[in-house]
1. Kindly provide the helix-only [θ] at 222 nm of the chain, computed as the sum of -39,500 (n - 2.57) over DSSP H runs of four or more divided by all residues, to the nearest 500 deg cm²/dmol?
2. Please report the net charge: other residues with Cβ closer than 14 Å to the Cβ of Ala33, K and R +1, D and E -1.
3. Give me the 1.4 Å probe accessible area per residue for the chain, excluding ligands and nucleic acids, in Å².
4. Of the listed peptides 273-285, 134-146, what is their order by residue-averaged count of other C-beta atoms within 10 Å, with the highest listed first?
5. How large a share of the accessible area of region 135-264, in percent, is made up of carbon and sulfur atoms when the probe is 1.4 Å and the other protein chains stay in place?
6. Take every DSSP beta bridge whose two residues both sit in the chain, then give the antiparallel share in percent to the nearest 5.
7. What is the local net charge at Asp92, summed over the other residues whose Cβ is closer than 12 Å to its Cβ (Lys, Arg +1; Asp, Glu -1)?
Amino acid sequence: MRSEHLRHAAIVRPPVASAVVVDELPARAEVLAAWAARVRANREQVDRHREVQDGDFYAPVASTFRYQPEQTADPVLDALEAMVRPGEDLLDIGSGGGRYALPLASRARRVIALDPSPAMLAILRDGIAATHATNVEAIMARWPMADPPTADVTLIAHVAYDIEEIGPFLDAMERAARRLCVAVLFELPPPHAIDALWPAIHGEPRATLPALPEFLALQVARGRLCDVRLVRLPAAPVDPDAFLARARRLLWLREDSEKDRALRDSLHRELPQPRNPQIGVVSWSIST
């Protein structure tokens, strides 16, 4: 396991003579538009190829986001615990099943956990009951929301990738924070291994979502000075049945369709190799 601290900052250049060529940083509007275009292309590609329709997208896998207190080795959680001061309020936007909201409740005065998925909130409420966490409030809501709660620290963990209007999303996150904003993102989009299957199954390369590098470029364009901690997770073995179910869901295939049979044949021949994914824990202070 490796951990690093980086400093990622907007660059301010002094005036230069006209004869000197200086590369310009991309404008905020350009970076926001590029982010939105990638999210939109990803969604439109799904709409062209999907064999199943939306419901609660996370319902089939919500249980995998359950907080498991027996799993103590989590470098991302270690980084988050160092950022939340004892007695502070935490707002976890897109909390899922409470993977971070529940353990951080032992440090924070109050945790407000927001998520739009009924299945995820059911898992979270089970976790609240199991851990007797009386200071965790679960709210069904989509961010940004009208009349949002505020907290000392606002957190988004693996939420930003598919947010098309990322500028207003982050602006609202900052308005809700009294001291610090934190974002957790993978270096590569989470379905990276499954994205690689798109040409064989759907006949075209995947339009990939933005991830950590694009988020840091976005923060530069927004004029935010960020601290970045990089952590590398240990490789986990690939379970063939679990990977098939996840690939089917993220390729939007109907079970036993022609494409689904092609997917099963492909994975029978070769499963992806285990990876050591790298995650960035990005934080930036709120000016008061």
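1. That calculation yields -10500 deg cm²/dmol at 222 nm.
2. 0
3. It amounts to 52 Å² per residue over the chain.
4. My ranking of the peptides, most packed first, is 273-285, 134-146.
5. C and S fraction of accessible area: 55 percent.
6. Counting only bridges with both partners in the chain, antiparallel ones make up about 50 percent.
7. In short, -1.
The values are calculated or read from the model by the stated rules, or taken from the named source; none is laboratory data. Treat the numbers as computed from the prediction; the structure is a model and nothing was measured. Every residue, glycine among them, receives a Cβ derived from its backbone with ideal geometry; neighbour counts consider all protein chains shown. Each accessible area value is taken on the protein alone, full model and side chains, heavy atoms only, with ligands, DNA and RNA left out. Shrake-Rupley method; radii C 1.70, N 1.55, O 1.52, S 1.80 Å.
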